[in-house]
1. Filter the range 221-243 for residues that are in a loop (DSSP other than H, G, I, E, B) and open to solvent by 10 Å² or more (accessible area, probe 1.4 Å); which is nearest to Ala170 (Cα to Cα)?
2. Taking the range 320-335 as the search range and keeping residues that are of a type in the set (Lys, Arg) and over 13 Å from Gln247 (Cα atoms), which one is surrounded by the most Cβ atoms within 10 Å (Cβ to Cβ)?
3. Where residues in the range 358-388 are open to solvent by 10 Å² or more (accessible area, probe 1.4 Å) and acidic (Asp, Glu), which of them is farthest from Leu533 (Cα to Cα)?
4. When the residues of the range 535-586 are narrowed to those that are more than 23 Å from the chain's Cα centre (by Cα) and modelled with pLDDT of 90 or more, which ends up surrounded by the most Cβ atoms within 10 Å (Cβ to Cβ)?
5. Is it the case, given these coordinates, that Ala416 is among the small types (Gly, Ala, Ser), part of a helix (DSSP H, G or I) and open to solvent by less than 20 Å² (accessible area, probe 1.4 Å)?
6. Between a residue in the range 35-46 that is on the phi > 0 side of the Ramachandran plot and any residue that is assigned to a loop (DSSP other than H, G, I, E, B), which pairs come within a Cβ distance under 9 Å, given they are 6 or more apart or on different chains?
7. Checking the structure you have, find out if any residue of the range 309-321 is assigned to a loop (DSSP other than H, G, I, E, B) and either within 25 Å of the chain's Cα centre (by Cα) or charged (D, E, K, R) (or both).
8. If I ask for residues that are assigned to a loop (DSSP other than H, G, I, E, B), surrounded by 19 or more Cβ atoms within 10 Å (Cβ to Cβ) and either touching a Phe, Trp or Tyr at 6+ places or on another chain (Cβ under 6 Å) or of a type in the set (A, V, I, L, M, F, W, C) (or both), which ones from the range 247-269 would you list?
Amino acid sequence: MTRNSFSDESLWGNGAPASLTRLDPSSLLEGLTVPQREAVTQRGGPLLVIAGAGSGKTRVLTRRIAHLLATGDARPFEIMAITFTNKAADEMRRRVVDLVGAETDQMWVSTFHSACLRMLRSHAHVLGYERGFTIYDASDAETAVERLMKEQNLDTKRLSPRSVAAAISAAKNEMLSPGLYMDAYGEDPQRRRIAEIYLLYAKRLRTANAMDFDDLLVNAVAMMKADEHVLRSYQERFKYLLVDEFQDTNGVQNELVMMLAAEHRNLCVVGDSDQSIYRFRAADVRNILQFELRFPDAQVILLEQNFRSTQTILDAANAVIAKNASRHAKNLFTDGDQGEKIRLYRAGDEYDEGRWVASELRRLRSEHGLSWNEMAVFYRTNAQSRVLEEEMLRANVPYRVISGMRFYDRKEIKNALAYARLIVNPRDEASARRVINEPKRGVGESAQAKLGAYAAENGLSFAEAAHYGAAAGLSGRALSGTAKFSFMLDELRALSNDLSPRELIDAIVRESGMGDALRAEDSDEAYSRLENLGELASAAAQYDTLLDFVERMALVADSDQLNSGEGAISLMTLHVAKGLEYPAVVVTGLEETIFPHRRALADDAELEEERRLCYVGITRAMRYLVLTHAWSRTMWGHRVEAIASRFLQEVPPELVTDLSSTLPTRRSSFSLEDDGFVGRATEFTEGRAFGTGAAPPVRSTGAEKLGLAVGDRVVHDRFGEGVVERVEGEGSHARAAVHFDEHGTKQLVLAMTPLQRVNRS
């Protein structure tokens with residue numbers, strides 16, 4: 001291909017269109033700070049713009065593009081501007097059009113994936129693809145992987161298709177082919193199996209003339225490496241390359257940028273190492289930190305003036321992020337007001353925290369005239385939303401969960417509650433149909449239809465019909481899965497008389513296989529779902545009976561969202577908050593093991609990312625910032641004393657108004673334990689408590705290790721003394737039948753039972 005094949009070049013002749021040449025470039029510099037002007041007018045060679053939070057980076061990018069056009073330094077088709085979302089790309093394009101007119105249509109202003117797709121539609125034949133190749137989304141990719149695994153007779157419970165698809169995606173982001181992946185990780189049997197599936201998946205995609213989302217990036221790079229002519233065409237065409245949010249690029253994206261910019265070297269990257277918070281999506285902060293090593297002649301411009309927040313808020317953000325070692329040093333400042341002090345509330349527990357947050361939002365509304373939609377509440381994990389949602393409802397504060405479902409709408413919560421309803425009401429057909437194949441047991445729609453027909457013919461409930469799978473016409477995996485489902489329900493019902501509601505949620509998660517299935521995925525999403533289930537167990541700890549719990553959950557789940565002419569409070573995780581701003585922000589749950597998250601405490605790089613996440617949360621606030629933490633929370637129904645987050649300690653005390661009137665009378669020492677818990681866990685006995693989001697452990701009280709034998713005398717916290725009548729199973733499945741002196745015989749799951757041997761002297 002020659003440059004003439006880009007037919008749009010002829011539209012512009014040898015210079016900019018008349019409407020652009022008549023535009024006074026100096027008018028595009030009006031209202032800009034000195035560093036912003038430097039970034040807009042820089043020419044010749046690489047440019048790194050370190051854009052602090054709220055420093056007007058989008059304004060700089062759009063003015064730079066407009067200035068390039070107005071000065072005639074570039075024609076529209078010679079400019080490529082890349083960002084991360086279609087919304088951001090559309091906004092950038094709109095702003096440039098507003099500045100210089102509609103003649104900018106020939107510019108490439110798009111996301112990485114859109115730009116790569118555009119290239120591949122023209123040149124995919126270089127890699128042997130037909131032009132009309134299909135694009136697989138994440139769901140399509142996971143389905144294809146699952147189909148391959150079944151064809152290979154692999155156990156999709158031990159190695160979930162979702163986790164395999166995630167591993168393949170991560171490999172592609174690291175530019176590892178199946179062979180390279182095998183070379184890197186082949187010593188690990190599970191990774192070797194993933195590499196084998198990866199190879200089959202790659203072949204299947206090629207046969208289907210299809211690419212998945214990651215392939216768009218990988219194949220665009222491969223295409224240009226394979227055909228020097230194609231590479232040169234794009235290198236010569238794009239005289240100026242601009243990349244937004246460069247701190248969020250992964251290895252493939254960085255490689256693509258470097259290849260395209262190699263000819264003219266007019267590369268401008270804009271970003272902030274202090275706002276790199278997507279490591280779990282393969283973002284590599286080293287791309288921006290090492291930019292100057294790659295381009296020693298790069299000009300570096302710091303945008304430190306903030307146009308969003310008060311100086312008090314900025315001082316807090318500066319103090320926190322200064323503790324990170326891997327960053328470009330800068331100090332945010334504003335010409336605006338000093339602003340009010342940050343308000344800090346130290347709650348007794350998460351319910352105290354939730355109630356106080358609701359009252360604080362009402363205060364901000366009444367005293368400062370803020371509407372509901374001008375306020376937001378942030379939290380580290382999705383599981384934390386439950387208590388906040390409940391307290392908002394109680395306080396009649398309208399809310400909406402941004403980029404996420406309300407707690408009781410989440411799939412894993414609905415499934416666990418369906419199991420609980422089946423224990424209470426065995427004839428609940430909707431619940432039985434919902435979970436008979438959750439997790440997957442091979443009981444598909446056809447098998448369920450046969451069970452439904454058999455139930456109708458014989459006057460049975462759907463769950464009862466599951467006991468007669470063979471008679472209903474089931475066979476093979478469907479028959480086996482139905483039998484396991486029936487046996488598991490019988491076990492749970494037998495235990496329901498002896499276990500508390502919280503213990504029953506634990507048992508449901510374990511015995512159903514939900515916990516094992518999520519752990520097998522080994523992904524951030526799966527761990528988030530486990531945290532949600534832990535939070536459900538904490539909710540159950542408030543109730544005396546499972547029936548009370550199920551009834552209350554039905555009422556909460558069906559509660560209508562409150563309507564308000566002034567909108568609603570925004571509830572969201574801190575990751576979702578990136579790119580947003582609100583006059584008032586509340587950051588909750590600032591405790592060790594929650595924020596920073598427990599998984600980050602043993603990894604310096606992860607801990608730095610947690611601190612960047614805190615920095616992002618703080619800098620979303622424009623005028624009012626509120627921070628909260630609780631002295632105790634619960635993990636799976638067990639109350640755990642907490643300590644304030646290190647991030648709170650890093651905020652200078654002179655910036656804070658501490659609203660707490662008393663401090664806790666009890667404190668305990670804390671250390672990172674092998675099981676991921678911090679602090680001393682105690683049985684939940686009073687108050688209401690909240691799950692911190694730890695993955696559910698098989699809780700060991702030591703009872704299953706007592707070596708119990710028939711005839712042993714034991715004591716139970718609730719049932720008193722008794723005699724062991726039967727012992728069976730081992731590990732987390734160990735059970736005992738114990739005849740208690742005052743409560744009769746109880747069937748106990750030892751891993752969940754506060755049981756001790758009675759030693760007679």
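1. To start, the set of residues in the range 221-243 that are in a loop (DSSP other than H, G, I, E, B) comprises 227, 238-239.
Filter again for open to solvent by 10 Å² or more (accessible area, probe 1.4 Å), leaving 227, 239.
Numbers: Asp227: 26, Lys239: 32 Å.
So the residue we want is Asp227.
2. Initially, the range 320-335 is screened for residues of a type in the set (Lys, Arg), giving 323, 327, 330.
Still in the running and over 13 Å from Gln247 (Cα atoms): 323, 330.
On the way: Lys323: 15, Lys330: 19.
My answer is Lys330.
3. Glu367
4. Within the range 535-586, the match that is surrounded by the most Cβ atoms within 10 Å (Cβ to Cβ) is Ala584.
5. Details: among the small types (Gly, Ala, Ser): yes; part of a helix (DSSP H, G or I): yes; open to solvent by less than 20 Å² (accessible area, probe 1.4 Å): yes.
For Ala416, the condition - among the small types (Gly, Ala, Ser), part of a helix (DSSP H, G or I) and open to solvent by less than 20 Å² (accessible area, probe 1.4 Å) - is met.
6. Listed by first residue and then by second, the contacts come to Gly44/Arg265; Gly44/Asn266; Gly45/Arg265; Gly45/Asn266; Gly45/Phe295; Gly45/Asp297; Gly45/Ala298.
7. Taking every residue of the range 309-321 in turn, none turns out to be assigned to a loop (DSSP other than H, G, I, E, B) and either within 25 Å of the chain's Cα centre (by Cα) or charged (D, E, K, R) (or both).
8. Matches in the range 247-269: Asn266 only.
The values are calculated or read from the model by the stated rules, or taken from the named source; none is laboratory data. Since this is a predicted model, take the numbers as computed values, not measurements. As a convention, Cβ positions derive from the backbone with ideal geometry for all residues, glycine included, and neighbour counts pool all protein chains shown. Heads up: the accessible areas ignore ligands, DNA and RNA and are worked out on the full protein's heavy atoms, side chains in. Shrake-Rupley method; radii C 1.70, N 1.55, O 1.52, S 1.80 Å.
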